[in-house]
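The values are calculated or read from the model by the stated rules, or taken from the named source; none is laboratory data. What you are looking at is a predicted structure, and each value in this text was computed from that prediction instead of being measured. Heads up, the Cβs are rebuilt from the backbone with ideal geometry, glycines too, and the neighbour counts pull from every protein chain shown.
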Amino acid sequence: MIRLSPQLRTAVQRTTLPILVLLSGAVIVLGKADQLLFDSLRTAVSDTVAPVLDAIARPLNAFGEVVDHARMAVTTYQTNVRLEAENQRLLQWQQAALNLAADNKQLRGLLKAVPETALSFVTARVVANSGGAFVRMILINAGSEDHVSRGQAVLTGEGLVGRLTEVGDRAARVLLITDLNSRIPVTIERSHVAAVLAGDNSERPRLLYLPAGDPIVAAFAALMRQDELTPNWLALRHRLTFGWHKLRGSHRLSDIRVAIFGPAALTALARRAGELDYALPKKSFYAVHAEPKLFFEPRDFSALINDPEIIGLHISPKGRGSERPMPGSLYAWAAGRFGAR
(Lines give C-alpha, C1' and ligand atoms only; values in the text may rest on other atoms or scores of the structure.)
Protein backbone atom coordinates (compact mmCIF):
# COMPACT_ATOMS: atom_id res chain seq x y z
CA MET A 1 0.00 0.00 0.00
CA ILE A 2 1.43 3.33 -1.13
CA ARG A 3 1.13 6.12 1.35
CA LEU A 4 0.91 9.65 0.03
CA SER A 5 2.00 12.69 1.93
CA PRO A 6 -0.66 15.17 2.94
CA GLN A 7 0.65 17.78 0.50
CA LEU A 8 0.56 15.36 -2.44
CA ARG A 9 -2.90 14.07 -1.53
CA THR A 10 -4.17 17.64 -1.37
CA ALA A 11 -2.68 18.41 -4.78
CA VAL A 12 -4.24 15.32 -6.37
CA GLN A 13 -7.67 16.15 -4.94
CA ARG A 14 -7.43 19.69 -6.29
CA THR A 15 -6.36 18.73 -9.79
CA THR A 16 -8.61 15.65 -10.32
CA LEU A 17 -11.85 17.53 -10.95
CA PRO A 18 -10.37 20.08 -13.40
CA ILE A 19 -8.65 17.30 -15.34
CA LEU A 20 -11.90 15.30 -15.66
CA VAL A 21 -13.76 18.41 -16.78
CA LEU A 22 -11.10 19.08 -19.42
CA LEU A 23 -11.24 15.47 -20.62
CA SER A 24 -15.01 15.62 -20.90
CA GLY A 25 -14.80 18.81 -22.87
CA ALA A 26 -12.19 17.32 -25.16
CA VAL A 27 -14.33 14.24 -25.77
CA ILE A 28 -17.30 16.44 -26.61
CA VAL A 29 -15.26 18.56 -28.99
CA LEU A 30 -13.72 15.52 -30.67
CA GLY A 31 -17.17 13.88 -30.95
CA LYS A 32 -18.54 16.91 -32.70
CA ALA A 33 -15.45 17.27 -34.86
CA ASP A 34 -15.26 13.60 -36.02
CA GLN A 35 -18.60 11.83 -35.64
CA LEU A 36 -17.51 8.95 -37.84
CA LEU A 37 -14.58 8.20 -35.57
CA PHE A 38 -16.71 7.97 -32.47
CA ASP A 39 -19.34 5.80 -34.23
CA SER A 40 -16.61 3.38 -35.27
CA LEU A 41 -15.22 3.37 -31.74
CA ARG A 42 -18.66 2.75 -30.23
CA THR A 43 -19.32 -0.08 -32.67
CA ALA A 44 -15.96 -1.67 -31.89
CA VAL A 45 -16.64 -1.49 -28.14
CA SER A 46 -20.10 -3.01 -28.64
CA ASP A 47 -18.66 -5.84 -30.74
CA THR A 48 -16.13 -6.55 -28.04
CA VAL A 49 -18.48 -6.37 -25.07
CA ALA A 50 -21.49 -8.26 -26.63
CA PRO A 51 -19.89 -11.75 -26.55
CA VAL A 52 -18.79 -11.15 -22.98
CA LEU A 53 -22.31 -10.10 -21.92
CA ASP A 54 -23.81 -13.07 -23.82
CA ALA A 55 -21.42 -15.46 -22.10
CA ILE A 56 -22.35 -14.00 -18.70
CA ALA A 57 -26.13 -14.06 -19.46
CA ARG A 58 -26.31 -17.74 -20.52
CA PRO A 59 -25.52 -19.25 -17.13
CA LEU A 60 -27.83 -16.70 -15.49
CA ASN A 61 -30.67 -17.68 -17.83
CA ALA A 62 -30.01 -21.37 -17.25
CA PHE A 63 -30.08 -20.80 -13.52
CA GLY A 64 -33.39 -18.95 -13.86
CA GLU A 65 -34.87 -21.87 -15.82
CA VAL A 66 -33.70 -24.29 -13.15
CA VAL A 67 -35.37 -22.16 -10.48
CA ASP A 68 -38.60 -22.04 -12.52
CA HIS A 69 -38.60 -25.82 -13.01
CA ALA A 70 -37.98 -26.36 -9.32
CA ARG A 71 -40.83 -24.01 -8.41
CA MET A 72 -43.12 -25.80 -10.92
CA ALA A 73 -42.16 -29.18 -9.46
CA VAL A 74 -43.07 -28.00 -5.96
CA THR A 75 -46.41 -26.59 -7.18
CA THR A 76 -47.18 -29.82 -9.06
CA TYR A 77 -46.44 -31.87 -5.97
CA GLN A 78 -48.72 -29.72 -3.82
CA THR A 79 -51.50 -29.95 -6.45
CA ASN A 80 -51.17 -33.74 -6.61
CA VAL A 81 -51.44 -33.99 -2.84
CA ARG A 82 -54.59 -31.86 -2.85
CA LEU A 83 -56.16 -33.80 -5.76
CA GLU A 84 -55.46 -37.12 -4.05
CA ALA A 85 -57.23 -35.90 -0.92
CA GLU A 86 -60.22 -34.66 -2.97
CA ASN A 87 -60.29 -37.95 -4.88
CA GLN A 88 -60.51 -39.87 -1.64
CA ARG A 89 -63.41 -37.72 -0.47
CA LEU A 90 -65.19 -38.18 -3.83
CA LEU A 91 -64.77 -41.95 -3.60
CA GLN A 92 -66.37 -41.85 -0.16
CA TRP A 93 -69.32 -39.80 -1.49
CA GLN A 94 -69.63 -42.14 -4.46
CA GLN A 95 -69.93 -45.12 -2.17
CA ALA A 96 -72.50 -43.28 -0.04
CA ALA A 97 -74.49 -42.42 -3.20
CA LEU A 98 -74.39 -46.05 -4.38
CA ASN A 99 -75.64 -47.21 -0.98
CA LEU A 100 -78.48 -44.68 -1.04
CA ALA A 101 -79.41 -45.64 -4.61
CA ALA A 102 -79.53 -49.31 -3.61
CA ASP A 103 -81.70 -48.53 -0.56
CA ASN A 104 -83.99 -46.33 -2.68
CA LYS A 105 -84.38 -49.06 -5.29
CA GLN A 106 -85.20 -51.63 -2.62
CA LEU A 107 -87.76 -49.35 -0.95
CA ARG A 108 -89.39 -48.57 -4.31
CA GLY A 109 -89.67 -52.26 -4.96
CA LEU A 110 -91.32 -52.85 -1.59
CA LEU A 111 -93.74 -49.94 -2.12
CA LYS A 112 -94.37 -50.85 -5.78
CA ALA A 113 -93.70 -47.22 -6.66
CA VAL A 114 -94.52 -46.04 -10.18
CA PRO A 115 -91.44 -44.61 -11.94
CA GLU A 116 -91.57 -40.87 -12.48
CA THR A 117 -91.98 -39.67 -16.04
CA ALA A 118 -89.10 -37.53 -17.25
CA LEU A 119 -90.17 -33.94 -17.84
CA SER A 120 -89.38 -32.24 -21.13
CA PHE A 121 -89.55 -28.60 -22.13
CA VAL A 122 -89.19 -26.38 -25.17
CA THR A 123 -87.56 -22.95 -25.04
CA ALA A 124 -89.31 -20.24 -27.04
CA ARG A 125 -89.32 -16.47 -27.41
CA VAL A 126 -92.21 -14.02 -27.33
CA VAL A 127 -92.49 -12.54 -30.81
CA ALA A 128 -95.68 -10.47 -30.53
CA ASN A 129 -98.56 -9.37 -28.35
CA SER A 130 -101.34 -11.35 -29.94
CA GLY A 131 -104.79 -9.88 -30.38
CA GLY A 132 -108.14 -11.59 -30.71
CA ALA A 133 -110.92 -12.31 -28.27
CA PHE A 134 -108.54 -12.20 -25.28
CA VAL A 135 -106.86 -9.11 -23.87
CA ARG A 136 -103.83 -10.72 -22.26
CA MET A 137 -102.35 -13.01 -24.91
CA ILE A 138 -98.89 -13.38 -26.47
CA LEU A 139 -97.46 -15.18 -29.50
CA ILE A 140 -94.38 -17.43 -29.18
CA ASN A 141 -92.14 -18.94 -31.88
CA ALA A 142 -92.77 -22.61 -31.08
CA GLY A 143 -95.46 -24.89 -32.52
CA SER A 144 -96.40 -28.47 -33.23
CA GLU A 145 -93.11 -28.98 -35.06
CA ASP A 146 -91.45 -28.44 -31.69
CA HIS A 147 -93.77 -31.02 -30.05
CA VAL A 148 -95.91 -28.55 -28.11
CA SER A 149 -99.67 -28.97 -27.83
CA ARG A 150 -102.72 -27.04 -26.68
CA GLY A 151 -103.27 -26.84 -22.94
CA GLN A 152 -99.60 -27.09 -21.95
CA ALA A 153 -98.27 -24.75 -19.28
CA VAL A 154 -95.96 -21.86 -20.16
CA LEU A 155 -93.27 -20.93 -17.64
CA THR A 156 -90.66 -18.23 -17.18
CA GLY A 157 -87.94 -17.87 -14.58
CA GLU A 158 -90.52 -16.42 -12.20
CA GLY A 159 -93.03 -19.27 -12.56
CA LEU A 160 -96.31 -19.94 -14.40
CA VAL A 161 -97.40 -17.24 -16.85
CA GLY A 162 -100.10 -18.95 -18.92
CA ARG A 163 -101.15 -21.90 -21.07
CA LEU A 164 -101.25 -22.64 -24.78
CA THR A 165 -104.66 -22.07 -26.36
CA GLU A 166 -103.80 -22.24 -30.06
CA VAL A 167 -100.93 -24.16 -31.63
CA GLY A 168 -99.75 -23.87 -35.23
CA ASP A 169 -96.84 -25.53 -36.99
CA ARG A 170 -94.24 -22.94 -35.96
CA ALA A 171 -96.09 -20.59 -33.59
CA ALA A 172 -98.54 -20.74 -30.70
CA ARG A 173 -100.74 -18.36 -28.70
CA VAL A 174 -100.43 -18.17 -24.93
CA LEU A 175 -103.35 -17.06 -22.74
CA LEU A 176 -101.78 -15.30 -19.76
CA ILE A 177 -103.01 -16.05 -16.25
CA THR A 178 -103.86 -12.35 -15.84
CA ASP A 179 -106.46 -12.45 -18.63
CA LEU A 180 -110.11 -12.16 -17.62
CA ASN A 181 -110.85 -15.54 -19.24
CA SER A 182 -108.13 -17.42 -17.36
CA ARG A 183 -109.35 -19.81 -14.67
CA ILE A 184 -106.84 -22.30 -13.23
CA PRO A 185 -107.64 -24.75 -10.40
CA VAL A 186 -104.93 -24.63 -7.75
CA THR A 187 -104.27 -25.84 -4.21
CA ILE A 188 -103.06 -23.48 -1.50
CA GLU A 189 -99.82 -24.95 -0.21
CA ARG A 190 -100.09 -24.53 3.55
CA SER A 191 -103.80 -25.16 4.08
CA HIS A 192 -104.32 -27.51 1.08
CA VAL A 193 -107.53 -25.61 0.29
CA ALA A 194 -108.76 -25.94 -3.29
CA ALA A 195 -109.00 -22.59 -5.08
CA VAL A 196 -109.19 -20.96 -8.50
CA LEU A 197 -106.53 -18.61 -9.82
CA ALA A 198 -108.62 -16.10 -11.77
CA GLY A 199 -107.38 -13.27 -13.96
CA ASP A 200 -109.12 -9.89 -14.20
CA ASN A 201 -106.97 -8.11 -16.86
CA SER A 202 -104.91 -6.47 -14.12
CA GLU A 203 -101.22 -7.01 -13.37
CA ARG A 204 -101.91 -9.78 -10.83
CA PRO A 205 -104.54 -12.55 -10.85
CA ARG A 206 -106.92 -13.15 -7.95
CA LEU A 207 -107.20 -16.26 -5.77
CA LEU A 208 -110.83 -17.35 -5.42
CA TYR A 209 -111.60 -19.93 -2.78
CA LEU A 210 -113.95 -20.88 0.02
CA PRO A 211 -112.25 -21.17 3.44
CA ALA A 212 -112.47 -24.44 5.34
CA GLY A 213 -115.12 -23.10 7.71
CA ASP A 214 -117.45 -21.85 4.99
CA PRO A 215 -121.02 -23.30 5.15
CA ILE A 216 -120.83 -24.51 1.54
CA VAL A 217 -117.61 -26.42 2.22
CA ALA A 218 -119.04 -27.83 5.45
CA ALA A 219 -122.18 -29.01 3.61
CA PHE A 220 -120.14 -30.87 0.99
CA ALA A 221 -117.87 -32.35 3.68
CA ALA A 222 -120.92 -33.66 5.57
CA LEU A 223 -122.32 -35.09 2.33
CA MET A 224 -119.12 -37.03 1.64
CA ARG A 225 -119.46 -38.77 5.00
CA GLN A 226 -122.82 -40.26 3.97
CA ASP A 227 -123.23 -43.70 2.44
CA GLU A 228 -126.01 -42.78 -0.01
CA LEU A 229 -124.78 -39.27 -0.93
CA THR A 230 -128.19 -37.68 -0.49
CA PRO A 231 -127.76 -33.91 -0.10
CA ASN A 232 -130.09 -31.92 2.15
CA TRP A 233 -130.24 -28.97 -0.24
CA LEU A 234 -132.47 -30.60 -2.86
CA ALA A 235 -135.41 -28.60 -4.12
CA LEU A 236 -138.91 -29.75 -3.12
CA ARG A 237 -139.70 -31.21 -6.54
CA HIS A 238 -136.44 -33.16 -6.50
CA ARG A 239 -137.21 -34.46 -3.00
CA LEU A 240 -140.66 -35.64 -4.12
CA THR A 241 -139.25 -37.29 -7.24
CA PHE A 242 -136.51 -38.97 -5.25
CA GLY A 243 -139.05 -40.19 -2.64
CA TRP A 244 -141.16 -41.69 -5.44
CA HIS A 245 -138.11 -43.55 -6.81
CA LYS A 246 -137.33 -44.83 -3.33
CA LEU A 247 -140.81 -46.33 -3.09
CA ARG A 248 -140.12 -48.11 -6.37
CA GLY A 249 -136.88 -49.59 -4.99
CA SER A 250 -134.28 -47.11 -6.23
CA HIS A 251 -131.98 -45.42 -3.74
CA ARG A 252 -129.69 -43.65 -6.22
CA LEU A 253 -129.96 -39.91 -6.64
CA SER A 254 -128.58 -40.23 -10.15
CA ASP A 255 -131.90 -41.81 -11.24
CA ILE A 256 -133.54 -38.40 -11.14
CA ARG A 257 -130.66 -36.79 -13.06
CA VAL A 258 -129.57 -34.32 -10.39
CA ALA A 259 -125.96 -33.13 -10.34
CA ILE A 260 -124.85 -33.16 -6.71
CA PHE A 261 -121.89 -30.88 -7.38
CA GLY A 262 -123.49 -28.88 -10.22
CA PRO A 263 -124.37 -25.20 -10.48
CA ALA A 264 -127.86 -25.78 -9.06
CA ALA A 265 -126.37 -27.29 -5.90
CA LEU A 266 -123.90 -24.45 -5.47
CA THR A 267 -126.66 -21.91 -6.07
CA ALA A 268 -128.90 -23.54 -3.45
CA LEU A 269 -126.11 -23.68 -0.87
CA ALA A 270 -125.04 -20.10 -1.57
CA ARG A 271 -128.64 -18.94 -1.17
CA ARG A 272 -128.97 -20.89 2.09
CA ALA A 273 -125.68 -19.48 3.44
CA GLY A 274 -126.51 -15.92 2.37
CA GLU A 275 -123.56 -15.80 -0.04
CA LEU A 276 -125.47 -15.57 -3.31
CA ASP A 277 -124.56 -11.89 -3.64
CA TYR A 278 -120.93 -12.88 -4.16
CA ALA A 279 -121.73 -14.97 -7.24
CA LEU A 280 -121.12 -13.66 -10.73
CA PRO A 281 -124.16 -12.70 -12.85
CA LYS A 282 -125.91 -15.56 -14.59
CA LYS A 283 -124.93 -14.07 -17.91
CA SER A 284 -121.24 -14.82 -17.25
CA PHE A 285 -121.79 -18.53 -18.03
CA TYR A 286 -125.41 -18.95 -19.16
CA ALA A 287 -125.50 -16.44 -21.99
CA VAL A 288 -126.53 -19.13 -24.52
CA HIS A 289 -127.72 -21.94 -22.24
CA ALA A 290 -131.44 -21.54 -22.85
CA GLU A 291 -130.98 -20.86 -26.57
CA PRO A 292 -128.69 -23.54 -28.03
CA LYS A 293 -129.26 -22.19 -31.53
CA LEU A 294 -127.10 -19.22 -30.54
CA PHE A 295 -124.26 -21.69 -30.24
CA PHE A 296 -124.94 -24.33 -32.89
CA GLU A 297 -126.38 -22.30 -35.77
CA PRO A 298 -124.58 -19.74 -37.99
CA ARG A 299 -125.02 -16.20 -36.74
CA ASP A 300 -123.04 -13.12 -35.63
CA PHE A 301 -121.54 -14.12 -32.27
CA SER A 302 -118.96 -11.31 -31.98
CA ALA A 303 -120.94 -9.67 -29.16
CA LEU A 304 -120.71 -12.86 -27.09
CA ILE A 305 -116.96 -13.41 -27.40
CA ASN A 306 -116.10 -9.72 -26.96
CA ASP A 307 -118.29 -9.15 -23.89
CA PRO A 308 -115.95 -8.89 -20.85
CA GLU A 309 -118.78 -9.96 -18.51
CA ILE A 310 -118.95 -13.40 -20.19
CA ILE A 311 -116.08 -15.54 -18.90
CA GLY A 312 -117.39 -18.90 -20.18
CA LEU A 313 -120.32 -20.61 -21.85
CA HIS A 314 -122.43 -23.38 -20.37
CA ILE A 315 -124.02 -25.22 -23.30
CA SER A 316 -127.07 -27.45 -23.21
CA PRO A 317 -126.64 -29.53 -26.41
CA LYS A 318 -130.27 -30.72 -26.59
CA GLY A 319 -129.13 -33.68 -28.66
CA ARG A 320 -126.91 -31.60 -30.97
CA GLY A 321 -123.58 -32.16 -29.22
CA SER A 322 -122.63 -35.00 -31.57
CA GLU A 323 -123.31 -33.00 -34.75
CA ARG A 324 -120.54 -31.58 -36.88
CA PRO A 325 -119.99 -27.84 -36.34
CA MET A 326 -121.82 -25.70 -38.89
CA PRO A 327 -119.60 -23.11 -40.61
CA GLY A 328 -120.22 -19.64 -39.28
CA SER A 329 -121.51 -20.85 -35.90
CA LEU A 330 -120.06 -20.20 -32.46
CA TYR A 331 -119.63 -23.97 -32.16
CA ALA A 332 -117.38 -23.99 -35.27
CA TRP A 333 -115.38 -21.03 -33.94
CA ALA A 334 -114.90 -22.69 -30.53
CA ALA A 335 -113.97 -26.02 -32.12
CA GLY A 336 -111.42 -24.34 -34.36
CA ARG A 337 -109.93 -22.24 -31.58
CA PHE A 338 -109.92 -24.71 -28.70
CA GLY A 339 -110.45 -28.07 -30.45
CA ALA A 340 -113.52 -30.27 -30.48
CA ARG A 341 -113.77 -32.82 -27.66
Meets criteria (more than 28 Å from Leu280 (Cβ to Cβ) and not aliphatic (A, V, I, L, M)) for Thr187: no
Could you pull out the residue among Thr178, Thr241 that is surrounded by 13 or more Cβ atoms within 10 Å (Cβ to Cβ), touching a helix residue (DSSP H, G or I) at 6+ places or on another chain (Cβ under 8 Å) and not hydrophobic (A, V, I, L, M, F, W, C)? Thr241
Of the residues Glu309, Glu323, only one is in a loop (DSSP other than H, G, I, E, B), touching a Ser or Thr at 6+ places or on another chain (Cβ under 9 Å) and at pLDDT 75 or above; which? Glu309
Strands (runs of 3 or more DSSP E) wholly inside segment 117-199 containing at least 1 residues that are modelled with pLDDT of 85 or more, on the phi > 0 side of the Ramachandran plot and within 17 Å of the chain's Cα centre (by Cα): 159-167
Quick check on segment 159-175. Is at least one of its residues exposed (fewer than 10 other Cβ atoms within 10 Å of the Cβ) and closer than 25 Å to Glu203 by Cα? yes
If Asp300 satisfies all but one of (1) more than 40 Å from the chain's Cα centre (by Cα); (2) within 27 Å of Leu223 (Cα to Cα); (3) of a type outside the set (S, T, N, Q); (4) surrounded by fewer than 16 Cβ atoms within 10 Å (Cβ to Cβ), what's the number of the condition it fails? (2)
Which of (1) closer than 29 Å to Trp333 by Cα; (2) among the hydrophobic types (A, V, I, L, M, F, W, C); (3) at pLDDT below 90 is the odd one out, the single condition Leu107 does not satisfy? (1)
Filter segment 179-205 down to the residues that are in contact (Cβ under 8 Å) with a residue 60 or more places away in the chain and either of a type outside the set (A, V, I, L, M, F, W, C) or assigned by TED's automatic domain parsing to the domain that holds Ala221 (or both), then identify the one that is farthest from Phe220 (Cα to Cα). Asn201
With criteria (1) farther than 23 Å from Ser182 by Cα; (2) assigned to a loop (DSSP other than H, G, I, E, B), Pro281 comes up short on (1)
Go through segment 201-227 and count every residue that is farther than 17 Å from Thr187 by Cβ and surrounded by 10 or more Cβ atoms within 10 Å (Cβ to Cβ). 9
Only one of these conditions is not met by Arg272: (1) free of Cβ contacts under 8 Å to residues at least 40 places away in the same chain; (2) of a type outside the set (S, T, N, Q); (3) more than 30 Å from Ile177 (Cβ to Cβ). Which number is it? (1)
For the subset of segment 244-267 comprising residues that are exposed (fewer than 13 other Cβ atoms within 10 Å of the Cβ) and among the aliphatic types (A, V, I, L, M), which member is modelled with the lowest pLDDT? Ala259
When you check Ala235 against the structure, is it closer than 30 Å to Ser191 by Cβ and either in contact (Cβ under 8 Å) with a residue 40 or more places away in the chain or not assigned by TED's automatic domain parsing to the domain that holds Ala334 (or both), yes or no? no
Kindly indicate whether any position in segment 125-142 is in contact with a Lys or Arg (Cβ under 6 Å, 6 or more places away or on another chain), β-branched (Val, Ile, Thr) and under 30 Å from Asp307 (Cα atoms). no
